[in-house]
Amino acid sequence: MQVETMNGELPETDFVRRLKMETNEMSIVTTAPTGAQFLTPYAFQAEITAIDPSVSELRQAVKAFVSLAAAPAGYEALNQDVALGIRRMTAAILECEEAGVSSREIRDYLAPARLLHHHSPFVARAQDWPRGYAGDFETIEYLCDAVNRAEAGDPVARCIEEYALASDITRQHRNKLELQAEMMLRCCRSKKGARILSVGCGGARDIRMIAELLRDCDVEFVLCDSDADALELACAELGPLADKCTFVHGRVPRVLNRLKDLGTFDLVVAGGLFDYLPDRWISLMVGDVWRRLLNCGGTIFFTNIAAGNPYRPWMEYLADWSLIERTEGDVRRLCRDAGLSDDAVSVTRDGTDLTLIARLVKPSNVEN
């Protein structure tokens, strides 16, 4: 399969090779107004007697989006057109799902748009999984920096990159890191010798936000992550504060047994870890932390992407980044399954309304 764009052929990355394998039945070539050619994933005869309206709309949405590569409009107008094009494809994806079109078929129809998205370095990371898993710590660093790194000569790529980095779905992640930093700072200021555990800490971006404020605080951190390179980055970026940290390399739920040997904590932060964990693991972790790792009066803080995420079709089909959505009722049920009373659980939302913020406060009169 050969794909030509305004900037020439796409590099032969793992994503492109995978996409070629997924769409090996492609047979029809369409030409964008510039002459840029994309193989379209419509594996059917040229003569079609009937087609589902949702599929027809998806095809048209993809065709219109790909044609933006030839758009003569200025950057601001193009930026709006790209956002509108993504929203149109998102709506068409939802219609296809409701009509029973398989995810494989939907992905095939989206192939030209997926390839165009790959020109955005941020989306390319999401599609390629360079560290072998979604939402790796380097991608989160990229998301937090929110710097458009697309080529200046590729305006569509820059618009896609801007859409990804400025949208509410990435803003919610920055919001929760700020909330985690606030929780940590409050804990340190309210208790001398505070002990804080961060599970799935990544590069400890939250702690780095307040590192200067914590330098003279009597505090101890335990930072845990499944990626050793994330811990290495955290150690390097925290500077002198790293001396107050213990770094633990391990994966939930197995790492919990090792964490028990490191004492108890006043604050346990799990960030967006639960976006990727099944219900059983969450209840196991929450229950274990509550009973064995959390001091009386301590708090467990975690987040979860809320059900009904409007960016879900774009994330799953165009960026290959899937999250497990949950409702407030789901979060409370998981906490009950872990042995917590409803009174101990508080669930709110971040400023984008996309993320559930859970705070589990252990009463001061409860024994470990």
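The values are calculated or read from the model by the stated rules, or taken from the named source; none is laboratory data. Just so you know, these numbers come straight off a predicted model, no measurement behind them. For neighbour counting, all protein chains shown are included, and Cβ atoms are generated from backbone atoms with ideal geometry for every residue, glycine included.
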- [ ] Assess whether residue 174 counts as being closer than 30 Å to residue 299 by Cβ and either of a type outside the set (Gly, Ala, Ser) or in the same structural domain as residue 267 (by TED's automatic domain parsing) (or both).
- [x] yes
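Residue check: is residue 53 over 22 Å from residue 313 (Cα atoms) and either modelled with pLDDT under 95 or out of contact with any Lys or Arg (no Cβ under 7 Å at 6 or more places or on another chain) (or both)? Can you show your working first?
Working: over 22 Å from residue 313 (Cα atoms): no; either modelled with pLDDT under 95 or out of contact with any Lys or Arg (no Cβ under 7 Å at 6 or more places or on another chain) (or both): yes.
When the stated conditions are applied, residue 53 does not pass them.
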Open item on the list: Please pick out the residue among 174, 215, 131 that is within 30 Å of residue 293 (Cβ to Cβ) and in contact with a Pro (Cβ under 7 Å, 6 or more places away or on another chain).
Closed with: 215
Task: Members of segment 304-334 that are among the acidic types (Asp, Glu) and over 15 Å from residue 104 (Cα atoms) - done: 325, 328, 330
- [ ] Consider residue 308 carefully, then state whether it is in a loop (DSSP other than H, G, I, E, B), in contact with a Phe, Trp or Tyr (Cβ under 8 Å, 6 or more places away or on another chain) and either outside the structural domain of residue 86 (by TED's automatic domain parsing) or surrounded by 19 or more Cβ atoms within 10 Å (Cβ to Cβ) (or both).
- [x] no
TODO: For residue 106, state whether it is at pLDDT 95 or above, crowded, with 16+ Cβ neighbours inside 10 Å, out of contact with any Leu (no Cβ under 8 Å at 6 or more places or on another chain) and not basic (Lys, Arg).
DONE: no
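Answer with yes or no whether residue 82 is among the β-branched types (Val, Ile, Thr) and farther than 21 Å from residue 168 by Cα. It would help to see each step written out before you state the result.
Values: among the β-branched types (Val, Ile, Thr): yes; farther than 21 Å from residue 168 by Cα: no.
Here the answer is no, as residue 82 does not meet what is asked.
Given 101, 123, which one is β-branched (Val, Ile, Thr) and either over 15 Å from the mean Cα position of the chain (by Cα) or in the same structural domain as residue 309 (by TED's automatic domain parsing) (or both)?
On the way: 123 fails: either over 15 Å from the mean Cα position of the chain (by Cα) or in the same structural domain as residue 309 (by TED's automatic domain parsing) (or both).
The unique qualifying residue is 101.
Does residue 298 satisfy being closer than 23 Å to residue 335 by Cα, modelled with pLDDT of 95 or more and surrounded by fewer than 19 Cβ atoms within 10 Å (Cβ to Cβ)? Walk me through it before giving the result.
Numbers: closer than 23 Å to residue 335 by Cα: yes; modelled with pLDDT of 95 or more: yes; surrounded by fewer than 19 Cβ atoms within 10 Å (Cβ to Cβ): no.
Here the answer is no, as residue 298 does not meet what is asked.
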- [ ] All but one of (1) farther than 22 Å from residue 196 by Cα; (2) in contact with a Cys (Cβ under 8 Å, 6 or more places away or on another chain) hold for residue 267, so report the exception by its number.
- [x] (1)
- [ ] Identify the residue in segment 324-347 that is without any contact (Cβ under 8 Å) to a residue 24 or more places away in the chain, of a type in the set (Gly, Ala, Ser) and not in a helix (DSSP H, G or I) and, among all such residues, is surrounded by the most Cβ atoms within 10 Å (Cβ to Cβ).
- [x] 346
Open item on the list: Looking at the structure I just gave you, is residue 150 assigned by TED's automatic domain parsing to the domain that holds residue 76 and touching a Lys or Arg at 6+ places or on another chain (Cβ under 6 Å)?
Closed with: yes
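Checking the conditions here, which among 124, 92, 69 is surrounded by 19 or more Cβ atoms within 10 Å (Cβ to Cβ), at pLDDT below 95 and in a helix (DSSP H, G or I)?
69
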Task: So residue 178, is it more than 15 Å from the chain's Cα centre (by Cα) and free of Cβ contacts under 8 Å to residues at least 24 places away in the same chain - done: no
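Picking from 290, 321, 281, 314, which residue would you name as being within 14 Å of the chain's Cα centre (by Cα) and either part of a helix (DSSP H, G or I) or not assigned by TED's automatic domain parsing to the domain that holds residue 199 (or both)? Give the derivation first.
On the way: 290 fails: within 14 Å of the chain's Cα centre (by Cα); 321 fails: either part of a helix (DSSP H, G or I) or not assigned by TED's automatic domain parsing to the domain that holds residue 199 (or both); 281 fails: within 14 Å of the chain's Cα centre (by Cα).
Matching residue, one of 290, 321, 281, 314: 314.
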Task: Any pair with Cβ under 7 angstrom, 6 or more apart, that starts in segment 188-199 at a residue that is of a type in the set (S, T, N, Q) and ends at one that is part of a strand (DSSP E or B) and modelled with pLDDT of 95 or more - done: 198/221; 198/223; 198/224; 198/269
